[in-house]
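Everything on this sheet refers to the single structure shown next.
The values are calculated or read from the model by the stated rules, or taken from the named source; none is laboratory data. Just so it is clear, the structure is predicted and the values come from calculations on it, not from any experiment. Neighbour counts are summed over all protein chains in view; Cβ atoms, including those assigned to glycine, are modelled from backbone coordinates with ideal geometry. What goes into the accessible areas is simple: the full protein's heavy atoms, side chains included, and nothing from ligands, DNA or RNA. Shrake-Rupley method; radii C 1.70, N 1.55, O 1.52, S 1.80 Å.
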Amino acid sequence: TMSTSDHTALVEFQQKAQRLQRAVSGATQAANALKPRLTAIKRAIAETPSLPQRLHDDATALEKRTNEILLALSGDTAARRRNINTPPSINERVSYVVNAQRMSISRPTQTQHNQYNAAAQDFEGVLVQLRQLIEVDLARLEKQLEAAGAPWTPGRIPEWRNQ
């Protein structure tokens, strides 16, 4: 049987780990959704010859930052396919903790606490980068495309006035 304090500690840790898993999963999906969006933006820039090269460079830089964020979240899948040892990703750390705790009837281990803390700390930085990329840098690029009359791209609401 579990003591009341052990049961409380277990439930609190499980809920904390599940909240982290939800946030990491959402961030991973948001970052993955950027890839086709940035591809469409680069195509729209190429189809608008009046746009400066700087916008294409900005889109390429956003694409690179997206890849770096996905690397931190999901790990280096190409290296893993070649059986190269890689450090655990944020997703892998969180999955380990959640899966280890799913049917547990005892307090979380120190290893599980350590994995949770490492994932949470790494995720905080990655989430800040992802927010900056989507809410500030991508939004600015899309406004520039709209102002220049570039073709529509996914995620961007066109502006229109009947004049």
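Can we say Ala30 is surrounded by 13 or more Cβ atoms within 10 Å (Cβ to Cβ), farther than 30 Å from Ser95 by Cα and at pLDDT 95 or above? Can you show your working first?
Working: surrounded by 13 or more Cβ atoms within 10 Å (Cβ to Cβ): yes; farther than 30 Å from Ser95 by Cα: no; at pLDDT 95 or above: yes.
The answer is no for Ala30.
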Among the listed residues Ala100, Ala72, identify the single one that is touching a helix residue (DSSP H, G or I) at 6+ places or on another chain (Cβ under 7 Å), open to solvent by 30 Å² or more (accessible area, probe 1.4 Å) and either closer than 18 Å to Arg19 by Cα or of a type in the set (Lys, Arg) (or both). Ala100
By residue number, the members of segment 1-15 that are open to solvent by 70 Å² or more (accessible area, probe 1.4 Å) and either of a type in the set (Lys, Arg) or not in a helix (DSSP H, G or I) (or both) are Thr1
Could you run through segment 137-150 and say how many residues are touching a residue at least 24 places away in the same chain (Cβ under 8 Å) and open to solvent by 50 Å² or more (accessible area, probe 1.4 Å)? 2
Any pair with Cβ under 7 angstrom, 6 or more apart, that starts in segment 113-136 at a residue that is part of a helix (DSSP H, G or I) and ends at one that is hydroxyl-bearing (Ser, Thr, Tyr) and buried (at least 16 other Cβ atoms within 10 Å of the Cβ): Gln115/Tyr96; Leu133/Thr66
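Looking at segment 33-50 only, could you name the residues that are in a loop (DSSP other than H, G, I, E, B) and either in contact (Cβ under 8 Å) with a residue 24 or more places away in the chain or buried (at least 17 other Cβ atoms within 10 Å of the Cβ) (or both)? Let's see the steps before the verdict.
Pass one, segment 33-50, residues in a loop (DSSP other than H, G, I, E, B): 47-50.
Hits for segment 33-50 are Glu47, Thr48, Ser50.
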